[in-house]
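K.L.:
Got a structure here, written out as structure tokens. Questions coming.
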Amino acid sequence: MTIVPGTIDHLAQIISQVVAPSFVLGAVAGFLSMVHARLTGVIDRIRYLNAIPATDPDRAFLKEDIQRQRRRARYLAKSIFFGIAAGITTTLLIIIAFGMAFLSLPHVWATAFMFILSLALFCVALVMLVMDSFISVDDYDHF
């Protein structure tokens, strides 16, 4: 059965095809919320460590952890960047699918490329989160 561009059947087909990217968009939003919360915790820890006076012999050694926390913050910021890029790409995928349908143009290759790009960016964001996780498991966190 051939679906004629510009018909309600064509629109229904486009809507059914953007369901998966819509779920990816929801996953990206949840992911970004979680990573942002982690970054906020790391920044709070850096502020706490910076507030320790050098004259406090009982806690001055904790300041050594600042560099590790900064590395974590960099990985988390990169994770947020790539997560946002994945979200933007996914959103553009949906816009392209509807826009090309509106213009009665084939959208398969453009949306497939955007979906692959979106998932690749999301994968990089996940890798950055893993890098933070490796750094976060350390003896300093037990003080």
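K.L.:
Would you point out which residue out of 19, 24 is within 28 Å of residue 117 (Cβ to Cβ) and touching a Gly at 6+ places or on another chain (Cβ under 9 Å)?
P.N.:
Numbers: 19 fails: touching a Gly at 6+ places or on another chain (Cβ under 9 Å).
Unique residue meeting the criteria: 24.
K.L.:
Considering (1) surrounded by 16 or more Cβ atoms within 10 Å (Cβ to Cβ); (2) touching a Gly at 6+ places or on another chain (Cβ under 8 Å), say which one residue 104 fails and leave the rest.
P.N.:
Residue 104 satisfies every listed condition except (1).
K.L.:
Could you list, in sequence order, the residues of segment 55-85 that are touching a Ser or Thr at 6+ places or on another chain (Cβ under 9 Å) and among the small types (Gly, Ala, Ser)?
P.N.:
Correct list: 85 only.
K.L.:
Here is a follow-up. Condition test on residue 93, is it over 28 Å from residue 13 (Cβ atoms), assigned to a helix (DSSP H, G or I) and in contact (Cβ under 8 Å) with a residue 24 or more places away in the chain?
P.N.:
Details: over 28 Å from residue 13 (Cβ atoms): no; assigned to a helix (DSSP H, G or I): yes; in contact (Cβ under 8 Å) with a residue 24 or more places away in the chain: yes.
Spelling it out, it is not the case that residue 93 is over 28 Å from residue 13 (Cβ atoms), assigned to a helix (DSSP H, G or I) and in contact (Cβ under 8 Å) with a residue 24 or more places away in the chain.
K.L.:
So, in segment 45-65, exactly how many residues are hydrophobic (A, V, I, L, M, F, W, C) and more than 21 Å from residue 136 (Cα to Cα)?
P.N.:
Pass one, segment 45-65, residues hydrophobic (A, V, I, L, M, F, W, C): 46, 49, 51-52, 54, 60-62.
Remaining after also requiring more than 21 Å from residue 136 (Cα to Cα): 54.
Total satisfying the criteria: 1.
K.L.:
Could you please find all residues in segment 28-51 being free of Cβ contacts under 8 Å to residues at least 24 places away in the same chain, in a helix (DSSP H, G or I) and hydrophobic (A, V, I, L, M, F, W, C)?
P.N.:
Once the filter is applied, which keeps residues that are free of Cβ contacts under 8 Å to residues at least 24 places away in the same chain, in a helix (DSSP H, G or I) and hydrophobic (A, V, I, L, M, F, W, C), segment 28-51 yields 34, 37, 49.
K.L.:
Okay, next question. Taking residue 61, is it under 22 Å from the mean Cα position of the chain (by Cα), part of a helix (DSSP H, G or I) and hydrophobic (A, V, I, L, M, F, W, C)?
P.N.:
Working: under 22 Å from the mean Cα position of the chain (by Cα): no; part of a helix (DSSP H, G or I): yes; hydrophobic (A, V, I, L, M, F, W, C): yes.
For residue 61, the condition - under 22 Å from the mean Cα position of the chain (by Cα), part of a helix (DSSP H, G or I) and hydrophobic (A, V, I, L, M, F, W, C) - is not met.
K.L.:
Quick one: which of 101, 97, 110, 77 is under 26 Å from residue 26 (Cβ atoms) and at pLDDT 95 or above?
P.N.:
Details: 101 fails: at pLDDT 95 or above; 97 fails: at pLDDT 95 or above; 110 fails: at pLDDT 95 or above.
Of 101, 97, 110, 77, the one residue that is under 26 Å from residue 26 (Cβ atoms) and at pLDDT 95 or above is 77.
K.L.:
Being closer than 30 Å to residue 128 by Cβ, of a type in the set (S, T, N, Q) and either surrounded by 15 or more Cβ atoms within 10 Å (Cβ to Cβ) or modelled with pLDDT under 85 (or both), is that true of even one residue in segment 42-65?
P.N.:
no
K.L.:
List pairs: first residue in segment 52-70 and closer than 24 Å to residue 39 by Cβ, second residue among the small types (Gly, Ala, Ser) anywhere in the structure, Cβ distance under 8 angstrom, at least six positions apart or on different chains.
P.N.:
Listed pairs, sorted by first residue: 52/60; 63/54.
K.L.:
Regarding segment 107-123, can at least one residue be identified that is loosely packed, with under 13 Cβ neighbours inside 10 Å, outside any helix (DSSP H, G or I), in contact (Cβ under 8 Å) with a residue 24 or more places away in the chain and not basic (Lys, Arg)? Don't jump to the end; show me each part of the working.
P.N.:
Step one: filter segment 107-123 for residues loosely packed, with under 13 Cβ neighbours inside 10 Å, giving 108-109, 112, 116, 123.
Pick out the ones that are also outside any helix (DSSP H, G or I) and you get none.
No, that holds for no residue.
The values are calculated or read from the model by the stated rules, or taken from the named source; none is laboratory data. Model, not experiment: these values are computed from the prediction. FYI the Cβ positions are ideal-geometry reconstructions off the backbone, even for glycines, and counts take in every protein chain you see.
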